[in-house]
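So the structure is just underneath, and the comments pick up after that.
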Amino acid sequence: SEAGKQRVRGGGGWRCFFLLMIRRPPRSTLFPYTTLFRSVFALKKGRSVVPHGHNNMATAFMVLKGNFHGRHYDRVADEKDHMIIKPTIDAKFGPGQTSSISDDKDNVHWFKAEDEPAFIFNIHVFGLNPKSGKRTSRVYLDPFGEKLKDGLIRARLIDSKEAHKKFG
């Protein structure tokens, strides 16, 4: 059942909304400390699921309609104000194509809608490692950071407001 809709703040008209598909996320019986969360993101052409990484979670996307430019990065190291990342995927994603990330692989991602409307079905699994010491969360960053050797990038950590203003 539909639990609610959320509009992302911004100038006139809708930029992005997401539809919650369940009232309460169910607990996994296979992994008792995890929580599952499902949603659909709807984006106008040029709008993004902004660049971000995750702590203590895995996500999977499937494009339902439209086309997206998708980018993934491995999270190589964390610094106080930066994250060291390495590009792994830079590709077009169309209907039926999928993408997944976890703490272990392709931890940072960014999808930009190339058509309108464009829809992504998303599943989050929270709390995969109860001993990780990290609160399940998003970590926003600017992937256009300092270029390092071996294709690495020192990406500045930013807040949600700056991420949506710059990449939204």
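Enumerate the residues in the range 81-102 having an amide nitrogen under 18 Å from the point lying 7 Å beyond the Cα of E146 toward its Cβ.
Counting backbone N atoms under 18 Å from the label point, the list is 81-87.
Would you calculate the convex hull of the Cα atoms in the range 117-168 and tell me its volume per residue in Å³?
Measuring per residue, one finds 156 Å³ for the Cα hull of the range 117-168.
Compute the FRET efficiency between D159 and K134 as 1/(1 + (r/R0)^6), taking r as their Cβ-Cβ distance and R0 = 25 Å, and round to the nearest 0.05.
0.90
Return, ordered by residue number, the residues of the range 143-168 whose backbone nitrogen is under 17 Å from a label point located 7 Å along Cα→Cβ of E79.
143-159
Add +1 for every Lys or Arg and -1 for every Asp or Glu among the other residues with Cβ under 11 Å from the Cβ of F68, and state the total.
Cβ neighbours under 11 Å give a net charge of +4.
Using protein chains only and a probe of 1.4 angstrom, how many square angstrom of K44 are accessible, to the nearest 10?
For K44, the solvent-accessible surface is approximately 60 Å².
Counting only protein heavy atoms and using a 1.4 Å probe, what share of the accessible area of the range 63-166 belongs to carbon plus sulfur, as a whole percent?
Within the range 63-166, the accessible surface is 52 percent carbon and sulfur.
Probe of 1.4 angstrom, ligands and nucleic acids ignored: what's the accessible area per residue over the range 41-106, in square angstrom?
About 45 Å² of surface per residue is accessible.
Under 15 Å from the Cβ of E146, count the other residues' Cβ atoms, weight Lys and Arg +1, Asp and Glu -1, and hand me the total.
So the environment of E146 carries a net charge of +2.
Looking at the square roots a ≥ b ≥ c of the eigenvalues of the Cα gyration tensor of the range 25-156, which shape do they give, rounded for a/c under 1.5, prolate if a/b is larger than b/c, or oblate?
Cα axes put the range 25-156 in the oblate bin.
The values are calculated or read from the model by the stated rules, or taken from the named source; none is laboratory data. None of these values were measured; they are calculated from a predicted model. Backbone-built Cβ (ideal geometry, glycine too); neighbour counts: all protein chains shown. Please note that ligands, DNA and RNA were not included when accessible areas were found on the heavy atoms of the full protein model with its side chains. Shrake-Rupley method; radii C 1.70, N 1.55, O 1.52, S 1.80 Å.
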